[in-house]
Amino acid sequence: MIITNAILSDVSAGISELKKNPMSVVEQGDGAPVAILNRNKPVFYAVPANLYENMMDIIEDIELAALVESRKNQSEISSSIEALTNEL
């Protein structure tokens, strides 16, 4: 049985290359993820910080959209700012 692994980036580097010069490996990606390989199999992706932050923003947006979707049919409760501040 042959097991193949998809490499989800245009650039890859071996673990030994990463150990020698991690910043050079990240720079090879030119802002995109770099697949880190061990025995020609991807073991993780080196992702630049700004790309990681953008990914986290997108994930948060997806989670918030799912929360809104799950609550869209809930009944509404009427209130006012005055009523809420009086409760404090």
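Is it the case that Glu63 is within 24 Å of the chain's Cα centre (by Cα) and acidic (Asp, Glu)? Quick ask: steps written out before the conclusion?
Working: within 24 Å of the chain's Cα centre (by Cα): yes; acidic (Asp, Glu): yes.
So Glu63 passes the test.
When you look at Ala66, is it out of contact with any helix residue (DSSP H, G or I) (no Cβ under 6 Å at 6 or more places or on another chain), loosely packed, with under 12 Cβ neighbours inside 10 Å and small (Gly, Ala, Ser), yes or no?
Numbers: out of contact with any helix residue (DSSP H, G or I) (no Cβ under 6 Å at 6 or more places or on another chain): yes; loosely packed, with under 12 Cβ neighbours inside 10 Å: yes; small (Gly, Ala, Ser): yes.
Spelling it out, Ala66 is indeed out of contact with any helix residue (DSSP H, G or I) (no Cβ under 6 Å at 6 or more places or on another chain), loosely packed, with under 12 Cβ neighbours inside 10 Å and small (Gly, Ala, Ser).
Looking only at the range 37-82, how many residues end up being small (Gly, Ala, Ser) and either part of a loop (DSSP other than H, G, I, E, B) or touching a residue at least 24 places away in the same chain (Cβ under 8 Å) (or both)?
Step one: of the range 37-82, the residues small (Gly, Ala, Ser) are 46, 49, 65-66, 70, 75, 78-80.
Then drop every residue that is not either part of a loop (DSSP other than H, G, I, E, B) or touching a residue at least 24 places away in the same chain (Cβ under 8 Å) (or both), which leaves 46, 75, 78-80.
Adding up the residues that qualify gives 5.
Ser12 is checked against (1) surrounded by 11 or more Cβ atoms within 10 Å (Cβ to Cβ); (2) small (Gly, Ala, Ser); (3) without any contact (Cβ under 8 Å) to a residue 24 or more places away in the chain and fails just one. What number does that condition carry?
Only one criterion is unmet by Ser12, namely (3).
Name every residue in the range 15-36 that is part of a helix (DSSP H, G or I), of a type outside the set (A, V, I, L, M) and loosely packed, with under 12 Cβ neighbours inside 10 Å, in order of residue number. Can you show your working first?
Residues of the range 15-36 that are part of a helix (DSSP H, G or I), as a first pass: 15-20, 22-28.
Imposing the further condition that a residue be of a type outside the set (A, V, I, L, M) reduces the set to 16-17, 19-20, 22, 24, 27-28.
Listed by number, the residues that qualify are Ser16, Lys19, Lys20, Ser24.
Just so you know, all these numbers are worked out from the coordinates, no wet-lab data involved. Please read all numbers here as calculations on a predicted model, not as lab measurements. Every residue, glycine as well, gets a Cβ built from its backbone with ideal geometry; the counts of neighbours run over all protein chains shown.
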